[in-house]
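Only one structure is covered here, and it is reproduced in the block below.
The values are calculated or read from the model by the stated rules, or taken from the named source; none is laboratory data. Since this is a predicted model, take the numbers as computed values, not measurements. Here the Cβ is made from the backbone with ideal geometry for all residues, glycine too, and neighbour counts use every protein chain on show.
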Amino acid sequence: MINDVQNDLVGRVSKAHEALKRELQRLRAGRANASLLDGIRADYYGTMTPLAQMAHISVPEARLITVKPWDRSQIKAVEKALRESELGLNPQPDGDILRIPLPPLTEERRRDFVKLAKKHGEECKVAIRKARHDAIDLFDQIETEGGASSDEVERAKKKAEESVAEGVKHVDSMIAHKEKDIMEV
């Protein structure tokens with residue numbers, strides 16, 4: 001029973017790390033990256049659809065992303081979605097393809113991206129702390145129901161705290177690495 005709770009805690013911490021990793025991939029550093037467009041959805045016949053499901057996204061150069069909708073009639077919808085995203089992109093239609101040049105980041109824009117990365121990191125830490133809180137509540141419940149001795153529960157709580165501390169440390173290192181990546185000119 002205690003092992004199940006601990007395994008659940010470790011699983012929730014790793015899921016929080018994966019979610020943070022996905023969010024950080026969407027933040028733009030110096031190079032173009034197709035995952036930059038992962039969160040963008042366009043109106044596809046009345047349904048908000050992720051770009052990856054309605055277009056081919058490629059990175060032919062370090063500072064250029066191309067988006068080629070499979071349905072040529074959707075080029076305007078894709079262009080509108082790209083312009084309205086918070087990424088500050090300026091797509092340029094070129095026949096049946098959209099070219100998205102990525103200008104070099106200004107110092108101010110880099111700082112904004114670092115703030116956003118730290119915000120995502122803090123959200124991840126909150127998720128990890130919530131998982132710890134839930135695990136400790138379950139340990140207390142196991143103890144009151146007589147499923148384990150108080151010593152076993154205390155050891156489990158200590159192990160949970162260690163797992164959480166390690167998870168938070170990993171979040172800090174991920175954020176520091178992304179910050180270095182963003183601020184690198």
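Taking into account only those residues within region 78-100 that are within 21 Å of the chain's Cα centre (by Cα) and under 16 Å from Ser58 (Cα atoms), which is surrounded by the fewest Cβ atoms within 10 Å (Cβ to Cβ)? Checked region 78-100; the qualifying residue surrounded by the fewest Cβ atoms within 10 Å (Cβ to Cβ) is Leu82.
Is one or more of the residues making up region 34-52 polar (S, T, N, Q), without any contact (Cβ under 8 Å) to a residue 60 or more places away in the chain and closer than 30 Å to Arg129 by Cβ? Yes, region 34-52 contains a residue that is polar (S, T, N, Q), without any contact (Cβ under 8 Å) to a residue 60 or more places away in the chain and closer than 30 Å to Arg129 by Cβ. Exactly one residue out of Ala156, Ala148 is surrounded by 12 or more Cβ atoms within 10 Å (Cβ to Cβ), in a loop (DSSP other than H, G, I, E, B) and not hydroxyl-bearing (Ser, Thr, Tyr), and it is Ala148. Evaluating Ile75 against the criteria (1) out of contact with any strand residue (DSSP E or B) (no Cβ under 7 Å at 6 or more places or on another chain); (2) crowded, with 17+ Cβ neighbours inside 10 Å leaves one unmet condition, (1). Residues in region 70-92 that are in contact with a helix residue (DSSP H, G or I) (Cβ under 6 Å, 6 or more places away or on another chain) and either farther than 15 Å from Gly39 by Cα or small (Gly, Ala, Ser) (or both): Pro91 alone. Inspect all residues belonging to region 101-118 and state whether any of them is in a strand (DSSP E or B), surrounded by 12 or more Cβ atoms within 10 Å (Cβ to Cβ) and either at pLDDT below 85 or not basic (Lys, Arg) (or both). Looking for residues that are in a strand (DSSP E or B), surrounded by 12 or more Cβ atoms within 10 Å (Cβ to Cβ) and either at pLDDT below 85 or not basic (Lys, Arg) (or both), one finds at least one in region 101-118, hence yes.
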